[in-house]
Amino acid sequence: MKNRKVISTLGVAVLSASLAAPAFAANETSPGTPIQQTYSVSGFTDHAELGKKLEQIASDSQGKVKVEVAGYSNRHREIYKATVGTGDKVVFIQSEIHGNEKTGTDAILNILKFLGTNSPEAEKIRKEITLVALPKMNPEAAELNRRGNDMTWAEVVD
């Protein structure tokens, strides 16, 4: 029962964070099928902002949220990893494997911000789980706002 409440609370936090993420600008879409529509992504977190926001979250959390570089992308951009909590259950979340799927990154930032607070709910979740988050798995595609990365086929097969 206790575990269900923790998982339920985390689920509510994920849902709330995703709803709080920036919405597409309605006046910048054209009518037609999704292929014909153009969406503004200016309100979402880009790669340069991501590092700054993660640093701020880590600082504000006073050590509860730890941020490090897990690796580098094909074009030498940082792939960040954030860890929070001390629980035995490890929960792994990631976002922007496909660069045109923007909402998850901002949702993860909102979750990390919440879990880094001193609220009783955040403290309880941190004791139950260890959250490992990769908020932007494919920074090249994210910067290009497209599904795939920017590698040529020759680079892929080499």
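Of the numbered criteria (1) closer than 16 Å to LYS136 by Cβ; (2) in contact with a helix residue (DSSP H, G or I) (Cβ under 6 Å, 6 or more places away or on another chain); (3) not hydroxyl-bearing (Ser, Thr, Tyr), the one GLY87 fails is (1). When segment 53-75 is filtered for residues that are modelled with pLDDT of 95 or more, part of a loop (DSSP other than H, G, I, E, B) and among the small types (Gly, Ala, Ser), the ones remaining, listed by number, are SER61, GLY63. When segment 108-158 is filtered for residues that are out of contact with any Pro (no Cβ under 9 Å at 6 or more places or on another chain), assigned to a helix (DSSP H, G or I) and closer than 15 Å to LEU54 by Cβ, the ones remaining, listed by number, are ASN110, ILE111, LYS113, PHE114, LEU115, PRO139, ALA142. Filtering segment 99-126 to residues that are over 12 Å from the mean Cα position of the chain (by Cα) and either open to solvent by 10 Å² or more (accessible area, probe 1.4 Å) or under 30 Å from ARG147 (Cα atoms) (or both) leaves ASN100, PHE114, LEU115, THR117, ASN118, SER119, PRO120, GLU121, GLU123, LYS124, ARG126. Regarding THR83, is this residue among the β-branched types (Val, Ile, Thr), modelled with pLDDT of 95 or more and either closer than 15 Å to LEU134 by Cβ or open to solvent by less than 90 Å² (accessible area, probe 1.4 Å) (or both)? Considered against the rule, which asks whether it is among the β-branched types (Val, Ile, Thr), modelled with pLDDT of 95 or more and either closer than 15 Å to LEU134 by Cβ or open to solvent by less than 90 Å² (accessible area, probe 1.4 Å) (or both), THR83 comes out as yes.
The values are calculated or read from the model by the stated rules, or taken from the named source; none is laboratory data. Just so it is clear, the structure is predicted and the values come from calculations on it, not from any experiment. Because the Cβ atoms are built from the backbone with ideal geometry, glycine has one as well, and the counts that use them run over all protein chains shown. With ligands, DNA and RNA removed, areas are computed over all heavy atoms of the protein, side chains included. Shrake-Rupley method; radii C 1.70, N 1.55, O 1.52, S 1.80 Å.
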